[in-house]
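*Asks:* The following block contains the structure, expressed as structure tokens.
Every number in this text was worked out from the coordinates using simple rules, so none of it is lab data. Source: prediction; values computed, not measured. Neighbour counts are summed over all protein chains in view; Cβ atoms, including those assigned to glycine, are modelled from backbone coordinates with ideal geometry.
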Amino acid sequence: MEFVPSAVAVVALLLALWAAWYVRRAVSEAGRSARTMLGVAGREWFGALFRLSHVSRHRYVLRNDGNSTAYGVRVDVGDLVRHEGAAAIDEFPPGRAEKYMLIQPLQLRVTEIRVTWHDRQDRLDAPRSVRLPLELPTDRSPSEL
């Protein structure tokens, strides 16, 4: 007889956990929709804004040109060989620059890197992501190299 109240309590707990997850997801989607609407309406979204600059043959600089700190930043370089630069950065404040040395593999040509981050320090928000194009050394004229 004690099994029935215990089973009901477990089911109630599972239902409460599912409801909390669902509400959190709905709030996250609402925030994402609001950001999209702000962008569509022509208003500026205040947050992290990443830019990748080509400095020399294999050297690049990743900058946060936005006006807020990005948290839990992940830099996915794909099949590129990374000799310098971090793959994961806890905090990337506005104005910070991270130097990378990225070398193309022989088998294929990588044309972009992917940067993923969170806007909130607790990282409970949905991650944001951007693909940044690489200016490849072969895209430049020989006189520029």
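*Asks:* Expected output is a single nm value to one decimal: the length gained when fully extending between V55 and R25, i.e. 0.36 nm times separation in residues minus the C-alpha distance. What is it?
*Replies:* Contour length minus Cα-Cα distance gives 6.8 nm.
*Asks:* While we're looking at this one, here's another question. Ordered by packing density, taken as the mean number of other Cβ atoms within 10 Å over each peptide's residues, highest first, how do 101-108, 52-59 rank?
*Replies:* 52-59, 101-108
*Asks:* Kindly put W18, W117 in sequence by how many other C-beta atoms sit within 10 Å of each C-beta, fewest to most.
*Replies:* On the way: W18 10, W117 24.
Fewest to most other Cβ atoms nearby, the residues stand as W18, W117.
*Asks:* Right, here's the next one. Residue separation times 0.36 nm, minus the C-alpha to C-alpha distance between R123 and E91: what's the value?
*Replies:* Numbers: separation 32, 0.36 × 32 = 11.52 nm, distance 1.12 nm.
This chain segment gains 10.4 nm when fully extended.
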